[in-house]
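Report on the following structure.
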Amino acid sequence: MGRVKQYDEELRRRLVDEAGRLLTAEGIGAVTLRRVASLADTSTTAVYSLFGDKDGLVHAMYVEGFTRLGAALRRAARGEADPLAAVGAVGIAYRRAALRTPHLYGLMFAAPVPTFAPGEEASLIAAAAYEPLVEGVQACLEAGAMHGGEAGEIAQYLWGVAHGMVALELAGHLPGTARERAAVYERALVASVAAYLAPA
């Protein structure tokens with residue numbers, strides 16, 4: 001009796017990344033299970049076993065993008081004891097995460113696959129990715145470092161600024177070196193947070 005082939009987490013992530021890069025470069029029509037398998041140096045059987053079909057692969061790409069984003073934001077938040085510094089760290093981590101996986105970022109926030117709609121589970125994972133920002137703002141409000149609104153409202157505004165700047169950068173609309181683009185992004189974060197800083 002032959003052995004059942006096992007497909008590990010590293011292969012699953014590699015397939016997700018290759019599919020994302022293919023989607024970004026050539027569009028959803030180019031994303032076939034055979035081609036993704038070839039790019040990942042594996043078999044189509046592995047793709048079917050891990051994702052079921054093309055729709056399952058797209059779903060996995062969406063979930064993986066938000067899972068990685070959420071993990072990055074949680075790590076950043078834990079690294080700062082001061083609540084205001086933690087919010088800043090989360091903002092920096094957001095950009096870094098997006099630039100690290102731009103091939104997944106497009107699927108997360110745009111609509112490159114018109115037939116794809118995240119289900120309830122995927123939507124909950126996406127929403128959970130932003131909890132570190134909301135929790136950080138809430139901690140700032142409780143510490144008296146921020147004021148002027150509810151945590152969810154303020155966090156949504158800060159996220160909008162961060163997302164807008166990242167989207168511009170990924171689209172090539174922010175000139176300058178990588179360091180200069182990072183500085184522009186950080187100034188935008190500081191300006192957005194300044195609107196909610198409590199009076200000294």
Exercise for the section: With a Förster radius of 45 Å, plug the Cβ-Cβ distance of T24 and A198 into 1/(1 + (r/R0)^6) and report the FRET value to the nearest 0.05. Expected result: 0.60
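Round to the nearest 0.05 the FRET efficiency obtained for R35 and L99 when R0 = 22 Å and r is the Cβ-Cβ distance. Walk me through the numbers on the way to the answer.
Details: r = 26 Å, r/R0 = 1.16.
Between R35 and L99 the formula returns 0.30.
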Practice task
Mind giving me the nanometre distance, one decimal, between the label points for E10 and I92, set 7 Å out from Cα along Cα→Cβ?
Solution key: 3.1 nm
Problem - Within region 91-106, backbone nitrogen closer than 14 Å to the virtual label 7 Å beyond the Cα of R75 toward Cβ - result: 92-101
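With helices defined as uninterrupted DSSP H runs, which ones in the chain have an alpha carbon span along their own long axis of at least 20 Å and mean Kyte-Doolittle hydropathy of at least -1.0?
Working: long enough: 9-26 (25 Å, -0.76); 54-78 (36 Å, -0.07); 83-100 (25 Å, 0.78); 151-170 (28 Å, 0.82); 178-194 (24 Å, 0.27).
Helix filter hits for the chain: 9-26, 54-78, 83-100, 151-170, 178-194.
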Completion exercise
Computed for the chain: size of charge dipole around the Cα centre, +1 on C-beta of each Lys and Arg, -1 on C-beta of each Asp and Glu, debye to nearest 20, value 720 debye
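Using only Cα atoms, what is the ratio of the radius of gyration of region 37-178 to 2.2 N^0.38 Å?
Numbers: Rg = 17.3 Å, N = 142, 2.2 N^0.38 = 14.5 Å.
Rg over 2.2 N^0.38 Å, computed on Cα atoms: 1.19.
Which net charge results for the neighbourhood of E150, defined as the other residues with beta-carbon distances under 14 angstrom from its beta-carbon, given Lys and Arg at +1 and Asp and Glu at -1? Can you show the working numbers first?
Numbers: positive: none; negative: E135, E142, E153.
Once positives and negatives cancel, what remains is -3.
Sorting S192, S123, S49 by accessible area (1.4 Å probe), largest first, what list results? Write out the running numbers ahead of the final one.
Numbers: S192 5, S123 50, S49 75 Å².
Descending order: S49, S123, S192.
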Problem - Projected label distance in nm at E186 and H147, using a 7 Å step from Cα toward the beta-carbon - result: 2.9 nm
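Sort region 95-140 into rounded, prolate or oblate with this rule: let a ≥ b ≥ c be the square roots of the eigenvalues of the Cα gyration tensor; rounded if a/c is under 1.5, and if a/c is not under 1.5, prolate when a/b is larger than b/c, oblate otherwise. Walk me through the numbers on the way to the answer.
On the way: a/c = 3.42, a/b = 1.48, b/c = 2.31.
Taking the square roots of the gyration eigenvalues as a ≥ b ≥ c, region 95-140 is oblate.
Does region 96-200 classify as rounded, prolate or oblate by the C-alpha gyration tensor (a ≥ b ≥ c root eigenvalues; a/c under 1.5 gives rounded; else a/b over b/c gives prolate, otherwise oblate)? Provide the component values of the computation, followed by the final result.
Details: a/c = 2.75, a/b = 1.24, b/c = 2.21.
It is oblate, given that a/c is not under 1.5 and a/b is not larger than b/c.
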Fill in the blank from the handout: Taking only protein heavy atoms and a 1.4 Å probe, the highest-to-lowest accessible-area order of H103, H59 is H59, H103
Problem - Total formal charge among the other residues, if their Cβ is under 15 angstrom from that of I125, Lys/Arg +1 and Asp/Glu -1 - result: -2
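The values are calculated or read from the model by the stated rules, or taken from the named source; none is laboratory data. Bear in mind the structure is a predicted one, so any value in this text is a computation, not a measurement. No Cβ is skipped: glycine too gets one built from the backbone with ideal geometry, and neighbour counts run over all protein chains shown. Heads up: the accessible areas ignore ligands, DNA and RNA and are worked out on the full protein's heavy atoms, side chains in. Shrake-Rupley method; radii C 1.70, N 1.55, O 1.52, S 1.80 Å.
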